[in-house]
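Chemist: Provided herewith is a single structure, encoded as structure tokens, for subsequent inquiry.
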Amino acid sequence: MSMDYAAVIAEVTGRGDVTGASFAYWDGKALHEAVGGLRNSVTKDPVTLDTLMHIGSITKVLNAALFMQLVDDGLVALDDPVSRHLPELQLADPAALAGINCRMLINHTNGIDYDVPPYRGFDEQRIVDAIDECPGLSQIHAPGEATAYSNIGTVIAGYMVQKLRGESWYSLVRSRIFEPLGLSHSLADITELPRFRVSVGDQVDEGGRLVQSNRPFLPLSFAPAGATIMMTAADLVTFARALVNGGLGINGVRILSKASASAMATETTRFISPSSWHVGLGWMILPGDVLFHGGGGPGVSSVLYAHAASGKVMALLTNCSRNGIFDAGLVEPILSSWDAPIEALAPIEGSIEASAYEGSFENQIYRFDIFSVDGQLHARMAARVDFYETDNAQATVFKLERVGDHLFRMVLDGAAIPYPLAFVDPDAAGKMQRLGAMARIFNRVA
């Protein structure tokens, strides 16, 4: 396809919708790179091609690759009980712990309800400190019974990697992924930051203004889930190309067996909502066999897409918490050129039984209160933990529009939010007991 990528990025960053952006696209024949905007909105210096930007939860794909290297080396089998390798790990429910196998750590089916830890002192944010918090953790669902996006599962997997290798997770990312693939502008260990130009994120405050984040990283104890890794878009594309090339880097160095690279890209389960997001190992799998992962954080919104059939890969990194600004002008045209369908939800007319949905649903990080006003269903969404500073500080009320069977999209000021709410598991009286949204699960509490 023909597109002036730099012009698209310049337009969006120029009007101030996003602070800065770094883009790379391997179209099967050539690498295209483009940057725009500011790497730091206070100092006003620009994003350059060698500027490192947060990848957020895209880290989960790298972490899964490290974990599958354990499989390749015969140190772990995916069906092994986690307790076989981590006898020190405890959960509030010992029976649940006994039912969690290694696969469940990296395909979001372990059910442990812990997505965001609190910020603590620097010396209390080791990966092992997250493991030490696990004895108090309950389940959002039974192991293997459902699929709910799991940061803590990824962290446990990363801890297992460093324990079995006898080496820090941070140095393993460098020695087993970055260095073999020649990724010279990538880092996991934040003590390396002075060696590189790095971006600083902006967040959207309650008034809709962009404000520089006071915390450039999520709690470091969750590093394997996406707290620290920063890369250039080009380096991220090079990593993803190795995975879609069967674990073989473009420099001829193998980081993963063909079988493990294939297993990462093979569906193992799917989320309640979005139902079109199927789950491999580390990767999400979208319609059209597009591999995907997004990343967020304090002033971070990033995406990675890969098309295994053609070997094409696209990465877009931004230092701004606004999501989806580039979708229509950049991301969706490229996905369309891969023959990847773009999901669209349209309102459906007809009456509903509001009482089936009304009530409150929670997990560790959010609460949804579903209620009716003059016959119109609404959802109040409130954060239960403080994790992105200015983001999510206030509860937001959305109007709900029916777009399918027990499926609703949220609308705010006339604009539809991209993730729908899916209600499942009715009780004997027909009241839905579970809500799926944002790849997560929320259980009825009232």
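The values are calculated or read from the model by the stated rules, or taken from the named source; none is laboratory data. It should be emphasised that the depicted structure is a prediction, and the values quoted were computed from it without experimental measurement. Counting neighbours? That spans all protein chains shown, and the Cβs are built from the backbone with ideal geometry, glycine included.
Chemist: Does the range 151-163 contain any residue that is in the same structural domain as Val253 (by TED's automatic domain parsing), part of a helix (DSSP H, G or I) and more than 21 Å from the chain's Cα centre (by Cα)?
Modeler: Restricting attention to the range 151-163, the residues satisfying the condition of being in the same structural domain as Val253 (by TED's automatic domain parsing) are 151-163.
After this cut, where a residue has to be part of a helix (DSSP H, G or I) as well, the list is 151-163.
Now narrow it down to the ones that are more than 21 Å from the chain's Cα centre (by Cα): 162-163.
Yes; the residues of the range 151-163 include at least one that is in the same structural domain as Val253 (by TED's automatic domain parsing), part of a helix (DSSP H, G or I) and more than 21 Å from the chain's Cα centre (by Cα).
Chemist: Run down Phe292, Phe368 and say which single residue is assigned by TED's automatic domain parsing to the domain that holds Ile9, modelled with pLDDT of 95 or more and not basic (Lys, Arg). Explain how you work it out, then say what you get.
Modeler: On the way: Phe368 fails: assigned by TED's automatic domain parsing to the domain that holds Ile9.
Going through Phe292, Phe368 in turn, the sole match is Phe292.
Chemist: Just for the range 341-372: of the residues that are among the aliphatic types (A, V, I, L, M) and surrounded by 18 or more Cβ atoms within 10 Å (Cβ to Cβ), which one is nearest to Asp4 (Cα to Cα)? Step through it out loud before you land on a result.
Modeler: The initial filter retains those residues of the range 341-372 that are among the aliphatic types (A, V, I, L, M), namely 342, 344-346, 348, 352, 354, 356, 365, 370.
Checking which are surrounded by 18 or more Cβ atoms within 10 Å (Cβ to Cβ) leaves us with 365, 370.
Details: Ile365: 40, Ile370: 44 Å.
That would be Ile365.
Chemist: When only residues in the range 407-446 that are part of a strand (DSSP E or B) and at pLDDT below 95 count, which is farthest from Asn363 (Cα to Cα)?
Modeler: We begin by selecting, within the range 407-446, every residue part of a strand (DSSP E or B); these are 407-412, 415-416, 421-426, 432-437, 440-444.
When the remaining residues are screened for being at pLDDT below 95, the result is 412, 415-416.
On the way: Leu412: 22, Ala415: 25, Ala416: 23 Å.
Residue satisfying both the conditions and the ranking: Ala415.
Chemist: Would it be correct to say that Ser302 is touching an Asp or Glu at 6+ places or on another chain (Cβ under 8 Å), within 22 Å of Ser150 (Cα to Cα), in the same structural domain as Gly20 (by TED's automatic domain parsing) and surrounded by 17 or more Cβ atoms within 10 Å (Cβ to Cβ)? Don't jump to the end; show me each part of the working.
Modeler: Working: touching an Asp or Glu at 6+ places or on another chain (Cβ under 8 Å): no; within 22 Å of Ser150 (Cα to Cα): yes; in the same structural domain as Gly20 (by TED's automatic domain parsing): yes; surrounded by 17 or more Cβ atoms within 10 Å (Cβ to Cβ): yes.
Spelling it out, it is not the case that Ser302 is touching an Asp or Glu at 6+ places or on another chain (Cβ under 8 Å), within 22 Å of Ser150 (Cα to Cα), in the same structural domain as Gly20 (by TED's automatic domain parsing) and surrounded by 17 or more Cβ atoms within 10 Å (Cβ to Cβ).
Chemist: Which residue is nearest to Val198 (Cα to Cα), if the candidates are limited to the range 28-55 and must be in contact with a strand residue (DSSP E or B) (Cβ under 7 Å, 6 or more places away or on another chain), hydrophobic (A, V, I, L, M, F, W, C) and not in a strand (DSSP E or B)?
Modeler: Val47
Chemist: Residue by residue through the range 193-210, note down the ones that are of a type outside the set (A, V, I, L, M, F, W, C), farther than 13 Å from Thr43 by Cα and in a loop (DSSP other than H, G, I, E, B).
Modeler: Asp205, Glu206, Gly207, Gly208, Arg209
Chemist: Given the options Leu243, Leu256, Leu236, name the one that is buried (at least 20 other Cβ atoms within 10 Å of the Cβ), touching a strand residue (DSSP E or B) at 6+ places or on another chain (Cβ under 9 Å) and in a loop (DSSP other than H, G, I, E, B).
Modeler: Only one candidate qualifies: Leu256.
Chemist: Still on this structure, I have one more. Going by what's in this entry, would Ile58 be described as closer than 24 Å to Glu167 by Cβ and touching a strand residue (DSSP E or B) at 6+ places or on another chain (Cβ under 8 Å)? Steps first, please.
Modeler: On the way: closer than 24 Å to Glu167 by Cβ: yes; touching a strand residue (DSSP E or B) at 6+ places or on another chain (Cβ under 8 Å): yes.
Considered against the rule, which asks whether it is closer than 24 Å to Glu167 by Cβ and touching a strand residue (DSSP E or B) at 6+ places or on another chain (Cβ under 8 Å), Ile58 comes out as yes.
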